[in-house]
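> Quick one: the structure is below, and I'll ask about it shortly.
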Amino acid sequence: MEGTERVFERMVRDNQDRVYAVSFALTGNRHDAEEVAQDTFIRAYKALQTYPPERVRELKQRAWLHQIAVNVVRNRVRGVRPRLVELNGSEPSRASGPEEDVIRKLEVDALAARVACLPPRYREAVVLRHIHELSYAEAAEALGQPVGTVKANVHRGLKMLRGDEDNGHIDG
Amino acid sequence: MATLTVEVKRLADVKAPAGFAERVLAQAGVADSYAVFDTVLGQVYVAWNRLGVSAAMRSKSAAEFEVWFRKDIGRPLVRVAPPAELAAKIEDQLEGKRRLRFDLRGLTPFSQAVLHKTMEIRRGEVRPYGWVAREIGHPAAVRAVGTALANNPIPYFIPCHRVVRSDGVIGNYGGGGPEAKKNILSLEGVQLARLQRLAQSGYRYEGIKSTKIFCFPTCYHGRRAREENFVFFHDEAEARGAGYRPCKDCRPAVAS
């Protein structure tokens, strides 16, 4: 019991930025990102408590947390539509840092909102492969999809992000 | 393609907001929450988790409390706004109207036994260290009882101040020294002057003539008797010799 708590505390401290970043990229805004990231860790903790020690030790934490985060987002989307953030600096930024920091934060927010506008399957694939630099094999495992599907989704997702989606249908 | 993937990668550098890890740990019940409460004893820092109150200290600052907690308890700690219902519960607890639940994980089984036994001592009463030691089945471990009480992580709430030396000297007190201990005991209705006068004369027990029962001087059952109906004893043998039996409530000696 005590052991699980230690493992979990380390897991949260080591992975908080990564999990938050994934959640942010998947949801497109900071408010939802915090909720998703929190849910992800709480689910992870509940699972850890049921795992035998050797399974906990051999766990690939990074990939495992990505997988949980993806599932949390998928479940939320099933319930309520994610809030879409307009591109032109909607969310009032509460950052109090120097001006460049604020501007950079707004840019990043806008970027996240753009990624969030992708349909889920492309968004998930792009986030895991190109933002979090998982290998195709890792991403495929986290998403529960064949590698080929992931490759195709990444490709289409990037194409859409670049603005080619104005061409309408994407075939292939 | 190249520029886009480079740009998109900036999203990976997003940092979790400040305090995020602590909030997650608190929600999972791995970290404790704490807040500062205004009580009859002044400002008290209180930490708790889903199992109950885990620590209380009259620290000078939040930083001091956090350092102490981290060293002594070892779990992460998150400061929150004091919940109103907990404030009411703490007030009741300190007035003796309620028993809060406590989280004593991390203490040795011996320390836990000492603290649980201490919780049985009523408001307005005191017991010697030796009594606690005997009651938990370690009659020789009197000093260890003292150590366990000195390291009580939840003073005031777990009333370690109700354990005193049998020679009448108000022993040490982690929550602010002997003076603080005296103040709290007076506040709870212990007649300290009487207690110390008896102890200095070597009297350990009081007997009540009408019932032929002997008690600790602060025992609840003795409080109803008139002063002229008391007799005082130096030790158990003297009391038994006079035909008195030990009180079954305060248990000054093992009843036989």
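> From the residues in the range B:109-126 that are more than 13 Å from the chain's Cα centre (by Cα) and in contact (Cβ under 8 Å) with a residue 24 or more places away in the chain, which one is nearest to the other protein chains (Cβ to nearest Cβ)?
Residue satisfying both the conditions and the ranking: B:Phe110.
> Scanning for something facing chain B (nearest Cβ under 10 Å) and touching a helix residue (DSSP H, G or I) at 6+ places or on another chain (Cβ under 9 Å), does the range A:141-149 turn up at least one residue?
No, that holds for no residue.
> Under 8 Å by Cβ, and 6 or more places apart or on different chains, what pairs join a residue from the range B:22-42 that is more than 16 Å from B:Leu86 (Cα to Cα) and without any contact (Cβ under 8 Å) to a residue 60 or more places away in the chain with one that is of a type in the set (A, V, I, L, M) and in a strand (DSSP E or B)?
Qualifying pairs under 8 Å: B:Glu22/B:Leu77; B:Glu22/B:Val78; B:Arg23/B:Val78; B:Leu25/B:Val78; B:Ala26/B:Val78; B:Ala31/B:Leu77; B:Ala31/B:Val78.
> While we're on this one: Can you tell me which residues in the range B:25-46 are in a helix (DSSP H, G or I) and either small (Gly, Ala, Ser) or more than 7 Å from chain A (Cβ to nearest Cβ) (or both)?
B:Ala26, B:Ala28
> Taking the stated definitions as given, is B:Glu22 more than 27 Å from the chain's Cα centre (by Cα), surrounded by fewer than 17 Cβ atoms within 10 Å (Cβ to Cβ) and in a helix (DSSP H, G or I)?
The answer is no for B:Glu22.
> Would you confirm whether or not the range B:152-166 contains a residue that is in contact with a Pro (Cβ under 8 Å, 6 or more places away or on another chain), modelled with pLDDT under 90 and part of a loop (DSSP other than H, G, I, E, B)?
yes
> Quick one: which of A:Ala44, A:Ala112, A:Ala37 is at pLDDT 90 or above, under 17 Å from A:Val127 (Cβ atoms), outside the structural domain of A:His132 (by TED's automatic domain parsing) and surrounded by 20 or more Cβ atoms within 10 Å (Cβ to Cβ)?
The unique qualifying residue is A:Ala37.
> Next up: Within the range B:1-35, take every residue that is among the β-branched types (Val, Ile, Thr) and over 23 Å from A:Phe8 (Cα atoms) and give me the one that is modelled with the highest pLDDT.
B:Val8
The values are calculated or read from the model by the stated rules, or taken from the named source; none is laboratory data. All values reported here derive from a predicted model rather than from experimental measurement. Every residue, glycine among them, receives a Cβ derived from its backbone with ideal geometry; neighbour counts consider all protein chains shown.
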